[in-house]
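What follows is a short report on a single structure.
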Amino acid sequence: MYSRKRLVGLLMILTALVVLVACAGGTAPSAPSATTAPQATSAPQATTAPGATSAPSGGAVTVVHWQHDYAPRKKIVEELINDFKAQNPNITIEFQSIPYNDFFQKLGPSLEAGTGPDVFQIPGPLVREFYERGQLAPVPDSVYTSADIEKDFVPWTVQLLKQDGKYVGLPTDVQSFMIFYNDDLFKEAGLDPTKDLETYDDFTAAAVKLTKRDGDQITQAGIDISHNTYQLFWPMISTLSDKGIVDENTLKVTYDNDQGYAAWQWLTDLVTKHKVDSPEFLAKQQPFELGKAAMDAHEFVEAGNLKEVAPNIHFSVHLPPHAPGRPKGTGGTHWAYVVSSKSKNPAAAWQWVKFLTSDAADRKWTAGRSELPSRTALYDDPQLKADPIVAQALEIAKVTHPFDDFGWDDVYNIQQAIWDNIVLKNQDVKTAVHEAAVAEEKLYQDKKLKPAAQ
Amino acid sequence: MQLSLSPSQRRALWAYVFLAPAIIFFIVLFVIPVLRALQYSFYDWPLGVPQKTFIGLENYRRLFMDDPVFLISIWNTIRFTVGSLVPTLVLALGVALILNQGLKALGLFRTIYFIPVVSSLVAVGFVWRWLLEPSFGIVNYLLRLIHIKGPGWLVSPEWALPGVMLMTIWRDLGFYMVIFLAGLQTIPREFNEAAMVDGANAWQRFWKITLPLLNPTIVFAAVIGVINGLQVFTSIYVMTGGPGDLPGGPLNSTRPIVLHIVEAAFRSQNMGYASAAAFVLFVMILFFALIQIRIIERPFEY
């Protein structure tokens, strides 16, 4: 018995040792920020604080770059890496293109563990959240002064990137929401595809005219609105108030009022009253690409996508209608290239980000119809404007307001519920909008965001 | 000093040595993460913020008192589990009984029923999105042929979860059929023959002989089914999500607990809250599994 006990004891000790060894790499609850360098091969700037003024020189440095996977963007980044390497032989860019569904699952824990990337991209509306968690390094003056950023970049593409007077990222993947017309279907219905449908009433009348039915069954939607509805309601709520969607001083939404209710009434009436689309018509498919919808609200990237998936569709791009009493405009989103506050090579990382957002790079991003330029200089560029779709899109981008909520999928979920509650559950517009407003404001409390006024 | 061991102790030692790799992996990759998650569940543990605050049971209180969507996700998960597992088991048992009649093409039918099980769930999910498309999908087309107006399926808050259940029943049928078939083939033929001699009809033989003797297999299938059902994620994610479509909709009508956990952890970056939700799921699985084993498993002897 004694031997058996000793044997069991020995095994327990061994097990305990294994547990201890396994835990040795972990972090104590109170100090999870103990970190290891993010795969730097050698770190001449290892001691350089974020915001360093000197560019890297001397030994080799590795900058780890993560972004979510999207084939056209991945290809451009790979090209830019080669161009950058030619100019900066001492900086190696280690690039990972991570599927979107895995991106945030990987990013959050790796930043916490200190094994995350030096450079990564996040949606503009999430910049504040990442900044308040202390995860972002500011742009050093050696790369860009705030004045230069404001001079070189289109204002709406950097508005969300300025935190406490300092910029903490540079814009990428700039997208304005626009209405895509199927020009052939417009002509067939006797409508002019070169004109914007400026008012809500004009838009509704055209959508009704463009809708085709066989009995009760829609066979052609006036506008594909049930699929990716946010692409119409995000520009709508982005342009309702001069303060944007959320007043940054109070963290209160600006759409929970009569103007907001009227806008949502117009939007949902398209389906509930005018029946220019139905949630059950080609559900979870892409009717515009199939030639089964005459209009589609989408980001600019759709222009590049259509070239690939529906080359026979002749289309043009237009501004969405504007609310009564409001100026012409649309909403837009962008992402930001940011540098981790835990990066051991912030100067090299920012140098790479500067390259990614340079004039030459911006031209590449735009030329493939993947995204719009963030740099002011390209807005009247004759070479880019030679593509008529890009030329139309650039005019739309000039009157774009940023989608300036402080969330991404989370606020989308809340705002989508407005549409679903009204269209699928016949809820009263005012109640649906108010419930979402309360939920959105609670979300910001849960995120512990600080109002800018404080 | 030489360790003197009896032959049985020596055998035990060797057994532990061979078991050690599995035990070590189990401890490192399962036990420790589970204990860490339990620890997180008592903390306000936002990713990326150095300060982690001990808040006791606050995460659990918030889950049940402040988060109606979590309660919806529990209800959805239970509905999904019951609504997909019960029909699957009944149908799988029926198919297994038919195939167990000594069909010549048994292997062929077994393969046909089993193919969905080995198909990629993601690919299957996309195909079913097409099948369930309300206007042009095959399912509603067939319903129209018999003058029934099909529902909106995945775009309807009432029908989205039944749509996912339908796909799950189709997919899992083959798996449980193979388990039942294996169970049926272990029942001694003599029992049925003796009953036939005594004049028992097929119905009586099924209720009095086959079903009681198949009980351990049914318990096994039910326990596995409940555990899988409570952890449902991928099928819902694929069928209700997509470019621009957030999974779990419309209006959270298909949102399962696991999706709630994943979003709390990686969208809200709140590991403490997500860990608490994960432990609620753990307790649910444990509870249902124990209940099933207690209620359904009845000892019997040949």
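The values are calculated or read from the model by the stated rules, or taken from the named source; none is laboratory data. Because the structure is a prediction, the values reported are computed rather than measured. With ideal geometry, Cβ positions are generated from the backbone for all residues, glycine too; neighbour counts draw on all protein chains shown.
Structure data summary
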{"item": "Residues that are surrounded by fewer than 23 Cβ atoms within 10 Å (Cβ to Cβ) and either of a type in the set (Gly, Ala, Ser) or modelled with pLDDT under 90 (or both), drawn from the range B:236-274", "result": "B:241, B:242, B:243, B:244, B:245, B:246, B:249, B:253, B:266, B:267, B:268"}
{"item": "In the range B:30-61, residue nearest to the other protein chains (Cβ to nearest Cβ) [restricted to those that are basic (Lys, Arg) and closer than 30 Å to residue A:136 by Cα]", "result": "B:52"}
{"item": "Residue check for residue A:282: within 12 Å of another protein chain (Cβ to nearest Cβ), of a type outside the set (S, T, N, Q) and either assigned to a loop (DSSP other than H, G, I, E, B) or in contact (Cβ under 8 Å) with a residue 60 or more places away in the chain (or both)", "result": "yes"}
{"item": "Which listed residue, of A:187, A:166, is surrounded by 15 or more Cβ atoms within 10 Å (Cβ to Cβ), farther than 26 Å from residue A:260 by Cα and of a type in the set (Lys, Arg)", "result": "A:166"}
{"item": "The range B:145-159, subset more than 9 Å from chain A (Cβ to nearest Cβ) and of a type in the set (Val, Ile, Thr), residue surrounded by the most Cβ atoms within 10 Å (Cβ to Cβ)", "result": "B:148"}
{"item": "Residue, farthest from residue B:186 (Cα to Cα), within the range B:91-115, restricted to residues that are surrounded by 17 or more Cβ atoms within 10 Å (Cβ to Cβ) and in contact with a Gly (Cβ under 9 Å, 6 or more places away or on another chain)", "result": "B:113"}
{"item": "Any hit, the range B:275-282, residues being modelled with pLDDT of 95 or more and within 14 Å of another protein chain (Cβ to nearest Cβ)", "result": "yes"}
{"item": "Listing of helices (runs of 4 or more DSSP H) fully contained in the range A:80-157 that carry 1 or more residues being facing chain B (nearest Cβ under 10 Å)", "result": "A:100-113, A:127-132"}
{"item": "Qualifying residue in the range B:24-43 (condition: part of a helix (DSSP H, G or I), surrounded by 15 or more Cβ atoms within 10 Å (Cβ to Cβ), touching a Ser or Thr at 6+ places or on another chain (Cβ under 7 Å) and among the polar types (S, T, N, Q))", "result": "no"}
{"item": "Test: residue B:72 is buried (at least 16 other Cβ atoms within 10 Å of the Cβ) and either in a loop (DSSP other than H, G, I, E, B) or within 10 Å of another protein chain (Cβ to nearest Cβ) (or both)", "result": "no"}
{"item": "Residue count for the range B:229-244, restricted to those that are under 11 Å from residue B:80 (Cα atoms) and free of Cβ contacts under 8 Å to residues at least 24 places away in the same chain", "result": "0"}
{"item": "Matching residues in the range A:316-356 - criterion: being in a loop (DSSP other than H, G, I, E, B), touching a helix residue (DSSP H, G or I) at 6+ places or on another chain (Cβ under 9 Å) and either of a type outside the set (Gly, Ala, Ser) or more than 21 Å from residue A:138 (Cα to Cα) (or both)", "result": "A:319, A:320, A:321, A:323, A:324, A:325, A:326, A:329, A:342"}
{"item": "Single unsatisfied condition, residue A:73 versus (1) over 16 Å from residue A:338 (Cα atoms); (2) in contact (Cβ under 8 Å) with a residue 40 or more places away in the chain; (3) in contact with a Ser or Thr (Cβ under 6 Å, 6 or more places away or on another chain)", "result": "(3)"}
{"item": "Qualifying residue in the range A:220-235 (condition: outside any loop (DSSP other than H, G, I, E, B) and more than 14 Å from chain B (Cβ to nearest Cβ))", "result": "yes"}
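Here is a yes/no grid of residues against (1) free of Cβ contacts under 8 Å to residues at least 60 places away in the same chain; (2) closer than 30 Å to residue A:82 by Cβ; (3) not acidic (Asp, Glu):
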{"residue": "A:342", "(1), (2), (3)": "no, yes, yes"}
{"residue": "A:364", "(1), (2), (3)": "no, yes, yes"}
{"residue": "A:381", "(1), (2), (3)": "yes, yes, no"}
{"residue": "A:423", "(1), (2), (3)": "no, no, yes"}
{"residue": "A:439", "(1), (2), (3)": "yes, no, yes"}
